[in-house]
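What follows is one structure encoded as structure tokens, with my remarks underneath.
What follows draws every value from the coordinates through simple rules; no lab data is involved. Remember, it's a predicted structure, so these values are computed and weren't measured experimentally. Ideal geometry is used to build each Cβ from the backbone, glycine not excepted, and the neighbour counts take in all protein chains shown.
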Amino acid sequence: MSTLSPINLLGLNRERLSRLLESWGEKPFRAKQLMRWMHHFGEADFDRMTDLSKASRELLRAHAAVQVPRLLSGHVSDDGTRKWLLELSPGNAIETVFIPEDDRGTLCISSQVGCALACTFCSTGRQGFNRNLTTAEIIGQVWWANHALGRDPKGDRIISNVVLMGMGEPLLNYDAVVESLDILLDDYSYGLSRRRVTLSTSGILPALERLGDRAPVALAVSLHAPDDALRDRLVPINRKYPLQELMATCQRYLQKAPRDFVTFEYVMLDGINDTPQHARRLVSCVEGVSCKFNLIPFNPFPDSGYRCSRPQAIREFRDILVQSGFVVTVRKTRGDDIDAACGQLAGQVMDKSRRAQRFTESLQ
Ligand code: SAH
Ligand code: SF4
């Protein structure tokens, strides 16, 4: 048993936690108790976990900890959208966003600091890859949001849905993401149904195949273009995993998925991918894949080189898809006043993380 640095229990799924406890001579069922305390009740102090024996609590205190990211700031938008800036380690900060709607409350979380995939319209991609988040850091976002939001008057959690649509490509941080999914889905922790957890990917196909077997959750795929030539430009990973293979993998994923459709995300870029011709080509591109579309108005950032499509172009594009029989949503821009739209968190983050670093350095 290590006495060097305490093990952070927040990032262990039930299987790992049971094994660890067993190796310490504890009964494996303690894992269920601990998970309930940490994730269900949001407790980080072993001494308040009252149904653990004194000896167990002492053991845990000596070798383990429940470490959550440090909250740097929190914001509430006029429309109720909330955003938290969390410090992972000195110089690395991420944002987590909560979007309340009439029938659900969705938390948008990040899986990496930055992203290596360099999609040309994405500010995270522009900033390059910094590092993967650990499972504890991914789950730490949910822990914080739950802690800050509390429960509704009926005692239910405010967060009903979680989407991996913040910074980073979740399937390039596969192991940590899959273990985070275990914790999100576990009845002893967050107890979310697979249908209410959505992973968004630009299409890392071998990892998507594995996800289908290991932890199938609802799937969103960042499509953004109806043909390889354009997608190669907008989403460079398309050169490695082109559209035909992407569609075939989606079809296979659907056989295991909790929902019987994939959501294709499509960012609306003025004059680039938003003409009626693009919409018609999109209809043939997805043929044979049961899907819905989510049209995302482009969120501009400095020197992006793109503009958001005109509202009229978005409407026409949507109408062509609807007339072809698809369900289409156009994402509302939420939390504009606090820069809090999913997939658009990064713009400020590196700045803020650098600021956080300077701030931390100034304290030393
Ligand atoms: N890497 C994953 C998940 C994070 S991005 C993915 O690409 O799917 C979440 C969503 O926001 C993706 O659909 C992404 O393409 C989109 N997005 C990124 N930058 C955007 C921007 N500037 N405006 C609108 N949507 C953007
Ligand atoms: Fe990465 Fe997704 Fe941004 Fe592409 S859109 S650079 S995959 S975060």
Seminar exercise, completed: Computed for segment 65-147: size of charge dipole around the Cα centre, +1 on C-beta of each Lys and Arg, -1 on C-beta of each Asp and Glu, debye to nearest 20, value 380
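Sorted from fewest to most neighbouring beta carbons within 10 Å, what does the list ARG259, ARG196 look like? Kindly include the intermediate steps, with their values, before the conclusion.
Working: ARG259 17, ARG196 21.
Result, fewest neighbours first: ARG259, ARG196.
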For this session: Show the residues, 5+ positions off or on another chain, whose built amide H is closer than 5 Å to the amide H of LEU72.
Result: LEU85, LEU86, GLU87
Seminar exercise, completed: Once the dipole of the chain is set up from charges on Cβ (+1 Lys and Arg, -1 Asp and Glu), the residue from the list LEU243, HIS63, ILE204 lying farthest towards its positive end is HIS63
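For segment 7-65, rounded, prolate or oblate, judged on the Cα gyration tensor with a ≥ b ≥ c (square roots of eigenvalues), a/c < 1.5 rounded, else prolate if a/b > b/c? List each step's numbers first, then the result.
Working: a/c = 1.37, a/b = 1.07, b/c = 1.29.
Note, shape of segment 7-65 comes out rounded.
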Exercise. Which ³J(HN,Hα) values in Hz, rounded to whole numbers, follow from the phi angles of segment 235-246 under the Karplus curve 6.51 cos²θ - 1.76 cosθ + 1.60, where θ = phi - 60° and Gly and Pro get x?
Worked result: 10, x, 5, 4, 5, 8, 10, x, 4, 4, 5, 4
Seminar exercise, completed: So, over other residues within a Cβ distance under 14 Å of SER309, counting Lys, Arg +1 and Asp, Glu -1, the net charge is +1
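Among 204-217, 315-328, what's the highest-first ranking by average C-beta atoms within 10 angstrom per residue? Before the final figure, lay out the partial values.
Details: 204-217: 17.5, 315-328: 15.3.
With the highest mean Cβ count within 10 Å placed first, the list reads 204-217, 315-328.
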Problem set entry | Helix 14-23 vs. the chain, principal-axis angle (Cα, 0 to 90°, nearest 10) | 30
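Counting pairs on different chains as well as pairs 8 or more places apart, how many Lys pairs in the chain have Cα atoms under 18 Å apart?
Values: LYS27/LYS54; LYS32/LYS54; LYS83/LYS332; LYS83/LYS352; LYS256/LYS292; LYS292/LYS332.
Count of close lysine pairs: 6.
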Problem set entry | Rel. contact order, % - alpha carbon contacts under 8 angstrom, at least six apart, segment 1-107 | 20
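Filter the GluC sites (Glu not before Pro) in segment 214-312 down to the DSSP loop ones having no more than 13 other Cβ atoms within 10 Å, then list what survives. List each step's numbers first, then the result.
Working: sites: GLU245, GLU265, GLU287; in loops: GLU287.
Listed in order of number, the matching sites are GLU287.
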Problem set entry | SER284-ARG48 pseudo-label distance in nm [points 7 Å out on the Cα-to-Cβ vector] | 6.1
Exercise. Tell me, what is a quarter of the convex hull surface for the C-alpha atoms of segment 173-291, in nm² with one decimal?
Worked result: 7.4
Exercise. What number, in percent, do you get for the relative contact order of the chain if the mean sequence gap of Cα pairs under 8 Å and at least 6 apart is divided by its residue count?
Worked result: 17
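Treat the chain as a sphere of radius equal to its Kirkwood radius over Cα pairs and apply Stokes-Einstein at 10 °C in a medium of 1.306 mPa s; give the translational diffusion coefficient in µm²/s, rounded to a whole number.
Numbers: Rh = 21.4 Å.
Rounded to a whole number, D works out at 74 µm²/s.
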Seminar exercise, completed: Under the helix-only model (-39500 (n - 2.57) for each DSSP H run of 4 or more, divided by the residues of the chain), the mean residue ellipticity at 222 nm, to 500 deg cm²/dmol, is -10500 deg cm²/dmol
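Please state the relative contact order of segment 194-333 as a whole percent: Cα pairs under 8 Å, 6+ residues apart? Walk me through the numbers before you get to the answer.
Numbers: 230 pairs, mean separation 31.9, N = 140.
In percent, rounded to a whole number, it is 23.
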Seminar exercise, completed: Note to self: C-alpha centroids of segment 36-70 and segment 254-274 sit apart, in Å, by 41
Seminar exercise, completed: Taking a crude spin-label model, label points 7 Å out from Cα along the C-beta direction, the LYS292 to ARG252 distance in nm is 2.6
